[in-house]
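Below is one structure, written out as structure tokens, with a few remarks after it.
The values are calculated or read from the model by the stated rules, or taken from the named source; none is laboratory data. Values in this document were obtained by computation on a predicted structure and should not be read as measured data. Don't worry about glycine lacking a Cβ; one is built from the backbone with ideal geometry, like all the others, and counts go over all protein chains shown. Ligands, DNA and RNA are stripped out before the accessible areas are found, and what is left, the full protein with its side chains, is counted by its heavy atoms. Shrake-Rupley method; radii C 1.70, N 1.55, O 1.52, S 1.80 Å.
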Amino acid sequence: MENLLGLLRIHVKRGVNLAIRDTSSSDPYIVFYSGKQKLKTRVIKHSINPEWNDELTLSVTDPNLTVKLTVYDKDLFSADDKMGEAEFSIAPYLEAIKLRHKLEGQLPNGTIIMKVQPTRQNCLSEESHILLNQGKLVQNMFLRLQRVECGEVELQLEWIDVPGSKGF
């Protein structure tokens, strides 16, 4: 990949209070879309509060990348039901990475580099912190699902530098 900036690891932690799409529960999984890339978590059976703890990795070639996600309920005999969707921009996270590179070695573990506030333009349900954690920059976020009656998804982003990539 000629324009590769690096890799974005998405740690899909859990869903909270997801919509019920079967009789009394759901069998949720998440599909992430970014440009032409599409990644999927595993299905968690019979849960509206699933614990995925899955790690998915996207190639990043555009610093203005938006990542979209859709939560589905797995059905055996019909099309899977949508359980909501959300999206987030990685631009604030990439800005924090640039800032960290400038301050390399000067910041203690646990330092909050940047805070991202929930707005009408993002799906954040609470303030999101981008912080230094054991030498790595991570962003923790809770996304409120849209076009559904309830539900949130907890994610953590982590940047992976790739040797030979364009980088910042």
Inset, instruction - Output the residue which, of all residues in segment 106-148 that are part of a loop (DSSP other than H, G, I, E, B) and among the β-branched types (Val, Ile, Thr), is nearest to residue 159 (Cα to Cα). - result: 111
Inset, instruction - Test residue 107 against the criterion of being over 18 Å from the mean Cα position of the chain (by Cα) and of a type in the set (A, V, I, L, M), and give yes or no. - result: yes
Inset, instruction - Check whether at least one residue in segment 27-42 is over 16 Å from the mean Cα position of the chain (by Cα) and of a type in the set (Ser, Thr, Tyr), and report yes or no. - result: no
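Let's see how each residue does on (1) of a type in the set (S, T, N, Q); (2) under 24 Å from residue 4 (Cβ atoms); (3) touching a helix residue (DSSP H, G or I) at 6+ places or on another chain (Cβ under 8 Å):
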{"site": "79", "(1), (2), (3)": "no, no, no"}
{"site": "97", "(1), (2), (3)": "no, yes, no"}
{"site": "113", "(1), (2), (3)": "no, yes, yes"}
{"site": "125", "(1), (2), (3)": "yes, no, no"}
{"site": "160", "(1), (2), (3)": "no, yes, no"}
Legend entry - Residue check for residue 165: in contact (Cβ under 8 Å) with a residue 24 or more places away in the chain, open to solvent by 40 Å² or more (accessible area, probe 1.4 Å), farther than 18 Å from residue 41 by Cβ and of a type outside the set (Asp, Glu): no
Inset, instruction - Please work out which one of (1) closer than 29 Å to residue 42 by Cβ; (2) touching a Ser or Thr at 6+ places or on another chain (Cβ under 8 Å) is the condition residue 132 fails and give its number. - result: (1)
